[in-house]
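Heads up: the structure comes next, in structure tokens.
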Amino acid sequence: MVLRILAIALISVLAACSLGNKLTFGDKFLGAPTEEHVAEPKEWVAATDWSNPEAMTVLITEYEFQPSRLVLEAGKPYRLKIINRGAFKHTFSSSGFFKSIAVRHLVAAAGKTYLPVVSRLVFEPDEEKELLFVAVRTGEHKLECTAPLHFPLGPWAASGTITVE
């Protein structure tokens with residue numbers, strides 16, 4: 001019985017990874033901040049000294065974010081490079097985190113784009129994006145990969161925390 005359950009779980013995980021890579025979903029941006037987002041993100045960006053933002057890199061694989069814990073300082077600018085080193089499509093999703101920052105711009109394969117409100121970033125295998133932002137509000141935020149059908153991975157799915165102090 002246990003072997004049967006393990007076999008079903010393994011098949012579900014493999015199916016989720018292969019189907020998740022074929023389903024269409026992408027980066028999610030909002031045109032304007034909601035009440036939950038940082039007010040006046042353009043003003044935060046304009047008031048920030050961008051001459052030396054702190055550089056950080058996060059790698060995404062099928063099972064983890066590396067590092068899985070980011071600690072940021074409120075009021076400080078960051079250049080966050082996110083790279084998908086996995087074989088499948090993955091996301092960098094953290095609703096609370098994206099609501100607590102003011103985005104200067106996102107640099108991706110398509111070029112630089114100003115995006116005042118980011119909700120989710122999606123990465124193809126070996127794709128990288130660079131997010132320039134200033135951390136505004138303090139708090140601890142859950143980080144997760146929300147790629148379709150990754151829920152069967154349960155505790156083995158990529159997850160972490162982002163803390164703004």
- Query: Within segment 18-30, is even one residue closer than 21 Å to LEU143 by Cβ, modelled with pLDDT under 90, in contact with a Lys or Arg (Cβ under 9 Å, 6 or more places away or on another chain) and surrounded by 18 or more Cβ atoms within 10 Å (Cβ to Cβ)?
  - Reply: yes
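Within segment 49-63, can you find the residues that are among the acidic types (Asp, Glu) and either in contact with a Leu (Cβ under 6 Å, 6 or more places away or on another chain) or in a strand (DSSP E or B) (or both)?
GLU54
Would you mention how many residues in segment 63-73 are closer than 25 Å to LYS112 by Cβ and either aromatic (Phe, Trp, Tyr) or surrounded by fewer than 17 Cβ atoms within 10 Å (Cβ to Cβ) (or both)? Even if it seems obvious, please write down each step before you answer.
Start the filter on segment 63-73 by keeping residues that are closer than 25 Å to LYS112 by Cβ, which leaves 65, 70, 72-73.
Subsequent filtering for residues that are either aromatic (Phe, Trp, Tyr) or surrounded by fewer than 17 Cβ atoms within 10 Å (Cβ to Cβ) (or both) retains 65, 73.
Selection size over segment 63-73: 2.
Which residue is nearest to VAL118 (Cα to Cα), if the candidates are limited to segment 37-48 and must be outside any loop (DSSP other than H, G, I, E, B) and under 23 Å from the mean Cα position of the chain (by Cα)?
First, the residues of segment 37-48 that are outside any loop (DSSP other than H, G, I, E, B): 41-46.
Cutting the leftovers down to under 23 Å from the mean Cα position of the chain (by Cα) gives us 41-42, 44-45.
On the way: PRO41: 11, LYS42: 13, TRP44: 15, VAL45: 14 Å.
Filtering first and then ranking leaves PRO41.
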- Message: Of the conditions (1) in contact with a Phe, Trp or Tyr (Cβ under 8 Å, 6 or more places away or on another chain); (2) in a loop (DSSP other than H, G, I, E, B); (3) surrounded by 16 or more Cβ atoms within 10 Å (Cβ to Cβ), ARG104 satisfies every one except a single condition; which number is it?
- Response: (2)
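The values are calculated or read from the model by the stated rules, or taken from the named source; none is laboratory data. Not measured: the values here are computed from a predicted model. Note: ideal-geometry Cβ built from the backbone for every residue, glycine included; neighbour counts use all protein chains shown.
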